[in-house]
Amino acid sequence: MSAVKLGLVGCGGIVQKSHLQGLLSCPEWVRVTAISDVVPENLMHVGTAADVPSNQRYGDYREMLEKADLDAVTIATPHHMHAEHVMTAAEAGVAVISEKPMAMSLEEADQILAAVERAGVSYSVVHNFLFTPGVQTALKGLEGMGKTLYGRAKSLFNKTDDQADPELVWRASKEAGGGCINDSAYHEIYLVENLVGSPVKYVEARVKTVYFDFDVDDLALLLMEHENGAVSTVSTSWCVPGSGGGEMGNLVEVHAKGGGFRVIKRGQDLQRYLREKRKWEAVDLVQFEGVEPEARSRIGHAGYFAATFEALAKGEALPVTGKQARHNLAIIDAARRATEERRAIEVN
Ligand SMILES: NC(=O)c1ccc[n+]([C@@H]2O[C@H](COP(=O)([O-])OP(=O)(O)OC[C@H]3O[C@@H](n4cnc5c(N)ncnc54)[C@H](O)[C@@H]3O)[C@@H](O)[C@H]2O)c1
């Protein structure tokens, strides 16, 4: 079994901040052999960090697909480019690992699923926060706590509307698929759904622009009902800071008959609620096998990539499927419709 030969489509912010660290930490499963980006500085930066020969650094991803010897690509480009990049790569016969969200609409998502099936290639979407130590530990712990009842997730960010901010270049544009529900609440939705352990069936929501002067949403409030009857909420904002971390910061919390878990800062810390003692206690993740202290600082890409490329190398099913990513997008679509129609929408 040999490591997957990987090409990168997009070498920008998230690749430099997190993908590279994850990809380089599992050399037994994946090797970055070619890269592409339209910005020469990004090619240079990532090419140097990943030790990619200069003749394997491409300004045009199509040329990379044509010339490089690849088994798979990652797509880490702005949202409105995902569909084209994923489908072109699939047609070239390589496995595709795409950043979230998979597409701009459910129609595009269905086109992607049809294209990867036609091409017979593996496809997955990065749901990285599922692979943080805190979330993995909570998922295991909830298995013994009985039926889940209630969940809540919040991610509060204090963005700027400075157009020169590289974070906002395309995120503040509707045409590019930006906005806080697509970009940020996306994660809280799959986190709370996975921890509740039951698919979301109905969504009531308000997705609005309340503060910034741009054409994408900066506030998303969702009330979701799951197939098992549990209810959960997601509150995400780009214009209200989650101050101080901990209970005041970003969290996902789920309660079951026997107790609950509170995942803090998207998986870096964890608390357990003991119903019989009526109190919260910190769970020391360092005590858990396989969780090294430095893994807390990662945002889950290392765990996601290790699991995904191990599965690809072994020819096994990938841990996050296109169908699951489409479902997350369907919840977002339902939230937008619920806002417009002021009623609960069934997720299909
Ligand atoms: N999962 C997470 O936690 C997480 C966090 C941040 C970003 N993301 C996702 O990663 C993706 C990229 O976000 P980012 O913050 O890195 O954006 P970014 O703007 O920093 O980087 C995008 C890169 O794509 C490049 N690019 C544009 N057109 C291209 C083309 N035709 N061929 C090759 N490269 C091209 C740009 O030059 C840039 O380097 C988005 O889907 C975003 O939602 C995920």
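Which percentage, to the nearest 5, of the DSSP beta bridges contained in the chain is antiparallel? Kindly include the intermediate steps, with their values, before the conclusion.
On the way: 40 of 66 bridges.
Around 60 percent of the beta bridges assigned by DSSP in the chain are antiparallel ones.
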Rel. contact order, % - alpha carbon contacts under 8 angstrom, at least six apart, the chain: 20 percent
Gain upon complete extension [Asp284, Leu139; 0.36 nm per residue less C-alpha separation]: 50.7 nm
Cα-based Rg and Dmax for the chain, where Dmax is the largest Cα-Cα distance (Å): 19.9, 63
Loop-located trypsin sites (Lys or Arg not before Pro) in segment 146-216 whose Cβ has at most 15 other Cβ within 10 Å (DSSP): Lys147, Lys174
Theoretical FRET efficiency, 1/(1+(r/R0)^6), r = Cβ-Cβ of Glu117 and Lys257, R0 35 Å, to 0.05: 0.30
Proximal charge balance of Ser198 [Cβ under 14 Å; K/R count +1, D/E count -1]: -1
Net charge over other residues, Cβ less than 15 angstrom from the Cβ of Thr148 (K, R count +1; D, E count -1): +3
Length released on extending from Glu66 to Glu316, taking residue separation times 0.36 nm less the Cα-Cα span: 87.4 nm
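If we count every other residue with Cβ under 11 angstrom of Ile181's Cβ, Lys/Arg +1 and Asp/Glu -1, where does the sum land? Please report the intermediate quantities before stating the final value.
Working: positive: Arg206, Lys208, Arg336; negative: Asp183, Glu188, Asp217, Asp218, Asp333.
Neighbourhood net charge equals -2.
Dividing the convex hull volume of the Cα atoms of segment 1-156 by its residue count, what figure in Å³ per residue is obtained?
Hull volume normalised by residue count: 160 Å³.
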Gain upon complete extension [Glu107, Glu41; 0.36 nm per residue less C-alpha separation]: 20.3 nm
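Peptides 338-348, 265-275: what's the order by average Cβ count within 10 Å, highest mean first?
265-275, 338-348
Once every DSSP H run of n ≥ 4 in the chain is given -39500 (n - 2.57) and the sum is divided by its residues, what mean residue ellipticity at 222 nm do you get, rounded to the nearest 500 deg cm²/dmol?
On the way: 9 runs with 101 residues, N = 348.
Result for the chain, helices only: -9000 deg cm²/dmol.
If the limit is 31 Å between Cα atoms, which of Lys67/Lys265; Lys208/Lys323; Lys147/Lys265; Lys100/Lys279; Lys140/Lys323 go over it? Write out the running numbers ahead of the final one.
Values: Lys67/Lys265 41 Å; Lys208/Lys323 27 Å; Lys147/Lys265 25 Å; Lys100/Lys279 36 Å; Lys140/Lys323 23 Å.
Table pairs above 31 Å Cα-Cα are Lys67/Lys265; Lys100/Lys279.
Sort segment 82-168 into rounded, prolate or oblate with this rule: let a ≥ b ≥ c be the square roots of the eigenvalues of the Cα gyration tensor; rounded if a/c is under 1.5, and if a/c is not under 1.5, prolate when a/b is larger than b/c, oblate otherwise. Working shown, then result.
On the way: a/c = 2.44, a/b = 1.28, b/c = 1.90.
Oblate is the answer for segment 82-168, as a/c is 1.5 or above yet b/c matches or exceeds a/b.
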DSSP-assigned coil residues among GluC sites (Glu not before Pro) in segment 61-160, each with at most 13 further Cβ atoms within 10 Å: Glu143
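Please list, by residue number, every one of the GluC sites (Glu not before Pro) in segment 150-189 that is coil in DSSP and has at most 15 other beta-carbon atoms within 10 Å. Let's see the in-between values first.
Details: sites: Glu167, Glu175, Glu188; in loops: Glu175.
Those satisfying the criteria are Glu175.
Place the peptides 34-45, 227-238 in order of packing, highest mean first, counting for every residue the other Cβ atoms within 10 Å and averaging per peptide.
Working: 34-45: 18.4, 227-238: 20.7.
With the highest mean Cβ count within 10 Å placed first, the list reads 227-238, 34-45.
Quick note: the coordinates plus some simple rules give every number you see, no bench work behind them. Because the structure is a prediction, the values reported are computed rather than measured. In this analysis, Cβ positions are derived from the backbone assuming ideal geometry, glycine residues included, and neighbour counts consider all displayed protein chains.
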